[in-house]
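To start, the structure itself, in structure tokens.
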Amino acid sequence: MTDTVPWDYAPAPQERGIVTIAPSYGLFVGGEFAAAADGRTFATVNPATEEPLAEVALAGEADVDRAVRAARAAYEKVWGPMPGAQRAKYIYRIARLIAERAREFAVLESLDNGKPIKESRDVDVPLASAHFFYHAGWADKLEYAGFGPARPVGVAGQVIPWNFPLLMAAWKLAPALAAGNTCVLKPAETTPLTALLLAEVCQQAELPAGVVNIITGAGETGAALVAHPGVDKIAFTGSTEVGKQILRSAAGTGKKLTMELGGKAANIVFEDAPLEGAVEGIVNGIFFNQGHVCCAGSRLLVQESVADILLDRLRRRLGTLRLGDPLDKNTDIGAINSRQQLDKIRELSAAGETEGAERWSPACELPDRGYWFPPTLFTGVSQSSRIAREEIFGPVLSVLTFRTPEEAVAKANNTPYGLSAGVWTEKGSRILWLAQRMRAGVVWANTYNRFDPASPFGGYRESGFGREGGRHGLRAYLDA
Ligand code: NDP
């Protein structure tokens, strides 16, 4: 796919046989898998090939109700009264089982989501396991977390997106369980399979029935879950638009809420930055996971004096990225998760051209089947352009320039979002100066997309509110 690499790599396929995908899956409610009450199902497909992977039960209102009741019963009779040290044992077991079955999870994630195996294997799955390990440690120490006397909230209704299916499930379930809540989780319609494998792990860990319930379905299933009067706490990760709908439906109900929504992060490169490192950080910031990342560094702000040299190096680096089979261990860019998302990326990229920005992609052959989009760079982007303002959620980078640090801050903050930002400079004082002025929940310095279960993550303004991870994330699941 490239004109700058002198040889091609031999294929290095990950063995797919480690995973057995059943022809159909039920809902996981009260510790058992069962069909939806009205028998409806939907198909989940491999976005790299468009091959159907399995039929999955589509939960309707009756199923949502059954799941919330199962969670309530488990909360009142088993999980709520259980001592923290006992709860910790189960959470540790889940963490260990994810680690033991890591390759199986990674292959299944890449098949259902389209992300490269090296990312699901080295990032998603280890971080998911780490999240359970970290929170298991909190389960018997809540009284030392500094919140004063704290009780669990009760039943958590959790709705997650398709970009990090297993990892988002872990971000939601682990703190909720550690704090003594029970859960009903709805994975995204296009990526239900690793959440269902996690349900199997809950059975294997002998987690008491009803503590974790996993209901698959589309947006209506999510809407029914968050509107259910038996849900005490809503945790949502997804688009700002759906986040606003949920906020409207929850207004006045007294439900506790956390919202992790979209972003349009600035990755800011100053002229004194180590440019080779910055190039790697830019690539990681926007091309990791095909750019399907809420905190993606989708706007590059580069100081004018180094713009030409940086862009030259960036184009050369993009020429070495390998796009293709997500199960090939050499693949850097996998498939776009769905036809719908591909259409959105195409539409916004076309708008970028219409609005006068210059579009560039490396020579790159796209597979005939499946959903694919090449790594793409837009230069000459104006701040008012749609590609500078809207979340594209794809492998598309918009490049803007600045002359002074003040201009960098003004441009970076010129967005309704406020989730994350990156800064590249060798001056520590400049990092601190800039971080204080950025309206973003996370600011990475000379790195990008770093995650740790102990570190809180979350946004401002249209990027949502509340934090996940660390002590702050735990608080969201406590009535403290
Ligand atoms: P959504 O916000 O629609 O989906 C997120 C989750 O919410 C999914 O499980 C979805 O179910 C569910 N959902 C949809 N409608 C409702 C509702 N009314 N009430 C409760 N839950 C609901 O994101 P999309 O997948 O449609 O992606 C659209 C755009 O959102 C993307 O192009 C991207 O820009 C952005 N996005 C941002 C994310 C982020 O982390 N910041 C993550 C995902 C998307 P279902 O999958 O069945 O629709």
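Do the conditions hold for residue 278, that is, is it in the same structural domain as residue 99 (by TED's automatic domain parsing) and either crowded, with 21+ Cβ neighbours inside 10 Å or more than 19 Å from the chain's Cα centre (by Cα) (or both)? For residue 278, the condition - in the same structural domain as residue 99 (by TED's automatic domain parsing) and either crowded, with 21+ Cβ neighbours inside 10 Å or more than 19 Å from the chain's Cα centre (by Cα) (or both) - is not met. In the range 395-438, the qualifying residues are those that are buried (at least 17 other Cβ atoms within 10 Å of the Cβ), in a loop (DSSP other than H, G, I, E, B) and more than 16 Å from the ligand (Cβ to nearest atom), and the one that is nearest to the chain's Cα centre (by Cα) is 438.
Would you check which residues across the range 153-179 are surrounded by fewer than 24 Cβ atoms within 10 Å (Cβ to Cβ) and away from the ligand (no atom under 14 Å from the Cβ) and list them? Scanning the range 153-179 gives 153, 154. The residue pairs whose first member lies in the range 403-421 and is over 26 Å from residue 259 (Cβ atoms), whose second member is part of a loop (DSSP other than H, G, I, E, B) and away from the ligand (no atom under 16 Å from the Cβ), and whose beta carbons are closer than 8 Å, counting only pairs six or more residues apart or on different chains, are 405/270; 408/270. Of the strands (runs of 3 or more DSSP E) lying entirely inside the range 166-273, the ones with 2 or more residues being under 23 Å from residue 36 (Cβ atoms) and modelled with pLDDT of 95 or more are found at 182-186, 212-214, 233-237. Would you check if residue 234 is over 29 Å from residue 446 (Cβ atoms), crowded, with 19+ Cβ neighbours inside 10 Å, within 11 Å of the ligand (Cβ to nearest atom) and in contact (Cβ under 8 Å) with a residue 40 or more places away in the chain? For residue 234, the condition - over 29 Å from residue 446 (Cβ atoms), crowded, with 19+ Cβ neighbours inside 10 Å, within 11 Å of the ligand (Cβ to nearest atom) and in contact (Cβ under 8 Å) with a residue 40 or more places away in the chain - is met.
On the given criteria, is residue 81 modelled with pLDDT of 95 or more and in a strand (DSSP E or B)? Here the answer is no, as residue 81 does not meet what is asked.
Look at the range 146-163: where a residue is closer than 28 Å to residue 209 by Cβ and a partner is among the polar types (S, T, N, Q) and part of a strand (DSSP E or B), sitting 6+ places away or on another chain with Cβ atoms under 8 Å, you get 154/182; 155/182; 156/182; 159/237; 160/237; 161/237. Quick check on the range 450-470: of everything there that is in a loop (DSSP other than H, G, I, E, B) and within 13 Å of the ligand (Cβ to nearest atom), which residue is surrounded by the most Cβ atoms within 10 Å (Cβ to Cβ)? Ranking the qualifying residues of the range 450-470, first place goes to 459.
The values are calculated or read from the model by the stated rules, or taken from the named source; none is laboratory data. Keep in mind it's a predicted model, so treat the numbers as computed, not measured. Cβ: placed from backbone, ideal geometry, glycine included. Neighbour counts: every protein chain shown.
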